[in-house]
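The structure appears below as structure tokens.
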């Protein structure tokens, strides 16, 4: 076994983009020096951990962990020099001793992390403590139970085809915070049945609803140990609690529907019909009518003037998103073979994540922009499935969280405001609403609008018409030049097909 693990030998270094390597300026001697640890067994344990981190983390993340590694080594060599294996002491015992050592040596136990994209600060545990906890988690004996019996599921280990949203990857489901052991097992059984039929995002929302409810039971209904102990009286008290004591949401309609669904599944599994009848129709608030917000041309121009100064590929993604009028998930999952010609027209294939797949005609300039994005990705990363990928994972499209973080940071930095003077939020769907409003301003029929938006029917078009009532009276209203050209061509295409 080598005494040093050099950064340039780790897998994350070998797959990192040259731009990132140059930015980090990594010297050939930079390494994780295992010789700082007393004893061969400790060194073997940490070596396995570091190598695993080097396989699953990015180069930047590994470099951030190096100072924490060095602090842990220094602590062990000074305070735990007789320790032969981390397994000799519990994680909490060693964490407690590490914290005492950090304080003795003038280190803080936490730090304030300011997130400019959200303009707020949070307290974070210091890196060395987090690193030690992760090391212990890595060293835990492998749980050989079937994945669905564990309290934390790694989804890829379930062996079930999953309905996933590629831009919002969910890797795990964590049941460990459900306080009641028996209820936890009942919920796991229900989720295992549910996950085979619904999207992962829905399953996550259902689990979140259950967690709020079980925490309420822990605090207010301590005698309840199983879902079969829940009766109508408990549900009524919980509804009162949500409506009078809980703040943060305007409506708990969706959350209550999720809770009802999961308790109903538990009832089916246990053949307990009462659990399927805990809720009555009046418990669930009526559906709130959607408020479709749009941006004015002025706001869009200011927004675009800022995004074109960001990373060029992210800027392309957001401009293409506006010009196609797609959902953000559909924009970010455009594939490198999405462009083609039909009747001498440029067309784009849209593989919808939430709806049905469809195609639409596009302007030559939009086609050229999409092609430029394809060329950029192929030059940077070679053959990929998606157009918009990052260097850390070229098999997957851009993640929504990454786009959100970058844009919110830009919005706050540039102090971008909406038409009411409020700071812009990161609501990519507003661009889709704006696109839909533009279509109604051109007096298109509902069928054509629904087709251009990729809707399966015309039921949502009425919301776009409400947005543009004022604009419809202004027959001479000028539209932005680029959008005007695109929409005019689109109308011609749809008219030709309907003839």
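Readers should treat all values here as calculations from the given coordinates under stated rules, not as data from a laboratory. As the structure is a prediction and not an experimental result, all values here were calculated from the model. Cβ coordinates were reconstructed from backbone atoms using ideal geometry, including for glycine residues, and neighbour counts include every protein chain displayed.
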Set the Förster radius R0 to 22 Å, insert the Cβ-Cβ distance between residue 254 and residue 281 as r into 1/(1 + (r/R0)^6), and round the FRET efficiency to 0.05.
-> 0.90
Just grab the label-to-label distance for residue 376 and residue 93, each label 7 Å out from Cα along the Cβ direction, in nm (one decimal).
-> 5.5 nm
Distance in Å, no decimals, from the C-alpha centre of the range 369-390 to the one of the range 1-40 is 29 Å
For residue 103 and residue 297, extending 7 Å from Cα along the Cα-Cβ vector and measuring point to point gives, in nm, a value of 6.4 nm
Between residue 18 and residue 52, what FRET efficiency follows from the Cβ-Cβ distance if R0 is 35 Å, with the result rounded to 0.05?
-> 0.90
Please give, to one decimal in nm, the separation of the simple spin-label points placed at residue 343 and residue 143, each 7 Å out from Cα toward the Cβ.
-> 5.7 nm
Rg/Rh over Cα atoms for the range 147-283, Kirkwood Rh, comes to 0.95
At q = 0.15, 0.18, 0.19 Å⁻¹, what base-10 log of I(q)/I(0) does the Debye formula yield for the range 4-139 when every alpha carbon is treated as an equal point scatterer in vacuo?
-> -0.80, -1.08, -1.17
For peptides 392-399, 11-18, 69-76, sequence by mean Cβ density within 10 Å, most packed first | 69-76, 392-399, 11-18
Taking 0.36 nm per residue of separation between residue 160 and residue 420 and subtracting their Cα-Cα distance, the length gained on full extension comes to 88.9 nm
Given the Cα-Cα distance of residue 112 and residue 237 and 0.36 nm per residue of separation, how much length would full extension add, in nm?
-> 41.2 nm
Difference of contour (0.36 nm per residue) and Cα-Cα distance, residue 63 to residue 85 = 5.4 nm
